[in-house]
Amino acid sequence: MSCADIRDEGYAYSPPSEDKGLVLRVAIGCSHNACTFCGMYRNVGFRIRDLAEILPEIREAKEIKPNLKRVFLSDGNALAVPTERLLQIMQRLKATFPVLATISCAARADDLLAKSAAELAELREAGLSLIYLGVESGDDEVLRSINKGVSAADVVRAGQAADAAGIDLSAMIILGLGGRKRSEPHALNTAAVLNALSPAMLGIMTLLPRVGTPLERLVACGQFERLDRKETLQELLMLLQRLEVRRPAILRASHLFNHLALEGDLPEDKATLIAQVQAELQKDPSTAKELTYKNYGIF
């Protein structure tokens with residue numbers, strides 16, 4: 001994720017694939033903001049921005065990037081913004097940028113479920129073509145432990161709603177989120193949810209608890225056991241072996257904190273991706289950098 005400091009309300013985060021476009025904050029923070037592993041909006045109050053704040057930023061972007069092709073609506077779950085407000089924003093974007101090809105946003109499963117089929121169809125017609133959905137895990141016990149606020153069944157129903165509206169999904173999951181206790185069910189149940197969703201894009205990240213988060217405190221006091229490098233790769237292997245997507249998907253596991261960078265197309269590259277993980281498991285673990293924020297220059 002990349003980020004840019006905006007006034008005094010924290011950072012605007014965007015997926016790497018949106019780096020070359022415009023990141024437009026239609027809301028500030030996250031309406032849930034209670035996941036134990038997440039520190040992105042911990043000290044930021046959620047609010048929906050007024051059009052009076054947003055429209056000048058669109059005009060300013062026009063001066064800098066008149067031929068803009070991508071816009072990512074942030075913050076943490078922009079789909080929580082009322083449909084009418086989103087439609088107004090997208091209409092202005094379309095009018096301002098004639099070659100605009102993709103409008104995307106982040107969402108929680110309950111955001112999708114709160115929209116009617118008619119609303120999602122309206123959003124798709126207005127230009128919303130891709131939703132980044134934080135799946136995190138397909139295991140209900142893990143979802144409860146991280147205070148995600150939704151179940152695996154909710155995630156699947158949300159994905160079905162997006163699919164019915166013709167909106168693509170980019171699903172994001174986190175290796176190691178179940179710790180040692182739930183590693184196998186986390187991998188297997190997450191694969192099952194991804195198979196049901198069959199997203200257009202799949203992003204795989206590795207858990208690195210951020211200082212100050214509830215999960216980091218559980219690690220510090222020994223109540224949560226993080227996976228080591230080998231265990232994380234084994235979990236990734238289990239996940240990949242169970243993936244059976246119904247439609248072509250782009251898989252990326254190239255986040256800074258991953259033990260192994262992977263990228264490929266599913267289903268055709270599945271065997272190659274599995275072989276890469278198996279080969280990595282055979283390497284000397286002493287050559288790997290320990291996963292800490294300090295080791296990556298982040299404090």
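What follows draws every value from the coordinates through simple rules; no lab data is involved. Bear in mind that the values here come from a model prediction, so they are computed numbers and not experimental data. Reconstructed Cβ throughout: ideal geometry from the backbone, glycine too, with neighbour counts over all protein chains shown.
Which order results if Tyr41, Tyr11 are arranged by neighbouring Cβ count within 10 Å, fewest first?
Fewest-to-most Cβ neighbours within 10 Å comes out as Tyr11, Tyr41.
Most simply put, region 2-284 has about 30% antiparallel DSSP beta bridges, counting only bridges with both residues inside it. What FRET efficiency, computed as 1/(1 + (r/R0)^6) with R0 = 30 Å and r the Cβ-Cβ distance, is obtained for Asp19 and Asp228, rounded to the nearest 0.05? The formula returns an efficiency of 0.45 here. For region 1-101, the set of trypsin sites (Lys or Arg not before Pro) satisfying both a DSSP loop assignment and a count of at most 12 other C-beta atoms within 10 Å is given as Arg7, Lys20.
Does region 145-299 come out rounded, prolate or oblate, given a ≥ b ≥ c as the square roots of the eigenvalues of its C-alpha gyration tensor, rounded meaning a/c under 1.5 and, failing that, prolate meaning a/b above b/c? Cα axes put region 145-299 in the oblate bin. For the chain, calculate the relative contact order in percent as a whole number, restricting contacts to Cα pairs under 8 Å that are 6 or more residues apart. Relative contact order comes out at 13 percent.
Once the Cα atoms are used to define both axes, helix 229-242 deviates from the longest principal axis of the chain by about 70 degrees.
Rounded to the nearest 10 degrees, the inclination of helix 152-165 to the longest alpha-carbon principal axis of the chain is 40 degrees.
What FRET efficiency do you get for Arg85 and Ala275 if R0 is 45 Å and r is their Cβ-Cβ distance, rounded to the nearest 0.05?
On the way: r = 47 Å, r/R0 = 1.05.
The computed FRET efficiency comes out at 0.40.
With a Förster radius of 45 Å applied to the beta-carbon distance between Gln241 and Val219, the computed FRET efficiency rounds to 0.95. For region 252-267, backbone phi angles converted through the Karplus equation (6.51, -1.76, 1.60; θ = phi - 60°) give residue-by-residue couplings of 10, 10, 10, 4, 3, 8, 6, 6, 9, 7, 10, 7, x, 10, 9, x Hz, Gly and Pro being listed as x. Pairs of Lys residues in region 34-154, spaced 8 or more positions apart or belonging to different chains, with C-alpha separations under 23 angstrom: 5 in total. With the simple model of a label 7 Å out from the Cα in the direction of the Cβ, Ala164 to Ala114 spans 1.9 nm.
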